């Protein structure tokens, strides 16, 4: 009998102070890390959740789910208001998302120029409205190194600069923004 490897549960006590958006929250997040999910993907997914924090925000389906993004926000009627992808989604997925949601964004731990280049010449609904966010080189990897199964996190966002404290280690990065088309 072959046993499937289960997800690893991480618990985060988070203080979020996003001065750019006027969002100040104390949050407790339980994050399931799928066995195929890298630490870099999980940290990027958590940062996307925090940087997009709004009423109705939640983590989407698991890493292999195709019907939901990594992070999703819904209004009180259940309609999708924000579709937030992580990594390097394909053009068809962004096309679908852009037709469904008011806001579509991609947070990537990869080279954003290569992510955007893969969409060149492909049909994506309202591609000009899609934003791609990335971080300084090495920032995500440094954050991954600080993770424990239970972590205390403080994230402060000021003028596009992220100040991240994970379990007493301070990291910082600019939040880079670019359009989804060149």
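Worth a mention:
- Complete set of residues in the stretch 89-103 that are assigned to a loop (DSSP other than H, G, I, E, B) and out of contact with any strand residue (DSSP E or B) (no Cβ under 8 Å at 6 or more places or on another chain): 90
Condition check ((1) assigned to a strand (DSSP E or B); (2) under 15 Å from the mean Cα position of the chain (by Cα); (3) at pLDDT 95 or above; (4) under 16 Å from residue 90 (Cα atoms)) across all residues:
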position	(1), (2), (3), (4)
144	no, yes, yes, no
170	yes, no, yes, no
176	yes, yes, yes, no
181	no, no, no, yes
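Quick grid of which residues meet (1) in contact with a helix residue (DSSP H, G or I) (Cβ under 8 Å, 6 or more places away or on another chain); (2) closer than 17 Å to residue 54 by Cα; (3) at pLDDT 95 or above; (4) part of a helix (DSSP H, G or I):
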site: 81; (1), (2), (3), (4): no, yes, yes, no
site: 105; (1), (2), (3), (4): yes, yes, yes, no
site: 109; (1), (2), (3), (4): yes, no, yes, no
site: 120; (1), (2), (3), (4): no, no, no, no
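- No other residue among 124, 140 is buried (at least 20 other Cβ atoms within 10 Å of the Cβ) and closer than 28 Å to residue 27 by Cα apart from 140.
- Failed item in (1) closer than 17 Å to residue 27 by Cβ; (2) surrounded by fewer than 16 Cβ atoms within 10 Å (Cβ to Cβ), with residue 164 passing the rest: (2)
- Selection from the stretch 129-142 of residues that are modelled with pLDDT of 95 or more, part of a helix (DSSP H, G or I) and touching a strand residue (DSSP E or B) at 6+ places or on another chain (Cβ under 8 Å): 139, 142
- Residue 85 being surrounded by 20 or more Cβ atoms within 10 Å (Cβ to Cβ), in contact (Cβ under 8 Å) with a residue 12 or more places away in the chain, under 23 Å from residue 164 (Cα atoms) and within 17 Å of the chain's Cα centre (by Cα): yes
- Subset of the stretch 21-52 [surrounded by 13 or more Cβ atoms within 10 Å (Cβ to Cβ) and part of a loop (DSSP other than H, G, I, E, B)]: 34, 37, 38, 52
- Subset of the stretch 15-48 (residues that are more than 19 Å from residue 109 (Cβ to Cβ) and in contact (Cβ under 8 Å) with a residue 60 or more places away in the chain): 15, 16, 17, 18, 19, 20, 21
- Residue match in the stretch 151-163 (condition: at pLDDT below 95 and touching a strand residue (DSSP E or B) at 6+ places or on another chain (Cβ under 8 Å)): no
- Residue match in the stretch 65-72 (condition: in a loop (DSSP other than H, G, I, E, B), in contact with a strand residue (DSSP E or B) (Cβ under 8 Å, 6 or more places away or on another chain) and surrounded by fewer than 14 Cβ atoms within 10 Å (Cβ to Cβ)): no
The values are calculated or read from the model by the stated rules, or taken from the named source; none is laboratory data. From a predicted model like this one, the values you see are computed outputs, not experimental measurements. Heads up, the Cβs are rebuilt from the backbone with ideal geometry, glycines too, and the neighbour counts pull from every protein chain shown.
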